[in-house]
Amino acid sequence: MTHQLTFRGATIPAEPGQSVAAALIAAGITDWRTTRRGGRPRGLFCGIGVCFDCLITVDGLPDQRACLVAAADGMRLGDAEPGADLADAGRTGGEDAARA
Ligand code: FES
């Protein structure tokens with residue numbers, strides 16, 4: 001059974017066992033936050049939990065690595081308010097160094 005996730009007010013499908021990042025990428029969403037310095041887009045980079053580029057808020061819990069979190073039915077990604085800007089969903093101090 002396909003799971004239904006919510007991101008920026010849109011419904012995103014996810015297959016069982018798929019990560020949050022994989023579901024977002026499959027939906028054509030390649031970035032889901034921006035860096036604090038420079039506002040550069042970030043999404044999936046390493047895909048294995050090392051770089052922390054993919055941080056996102058999941059069901060109100062900030063700074064989750066989208067590449068490691070398994071998608072679950074009804075999951076809310078990013079801010080709780082539909083249509084809210086999710087640019088600051090993930091926060092980390094070292095993200096600029098990863099792709100500088
Ligand atoms: S993409 Fe590198 S930690 Fe998730």
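The values are calculated or read from the model by the stated rules, or taken from the named source; none is laboratory data. What you see is a predicted model; the values in this text were computed from it and never measured. Glycine gets a Cβ as well: all are built from the backbone with ideal geometry, and neighbour counts include every protein chain shown.
Count of the range 17-50 residues, restricted to those that are in contact (Cβ under 8 Å) with a residue 24 or more places away in the chain and under 18 Å from Arg76 (Cβ atoms), is 9.
One residue stands out in the range 1-59 among those that are among the charged types (D, E, K, R) and in contact with a Leu (Cβ under 8 Å, 6 or more places away or on another chain): the one that is farthest from the ligand (Cβ to nearest atom), namely Arg8. When Gly47 is tested against (1) small (Gly, Ala, Ser); (2) modelled with pLDDT of 95 or more; (3) surrounded by fewer than 15 Cβ atoms within 10 Å (Cβ to Cβ), just one condition goes unmet, and that condition is (3).
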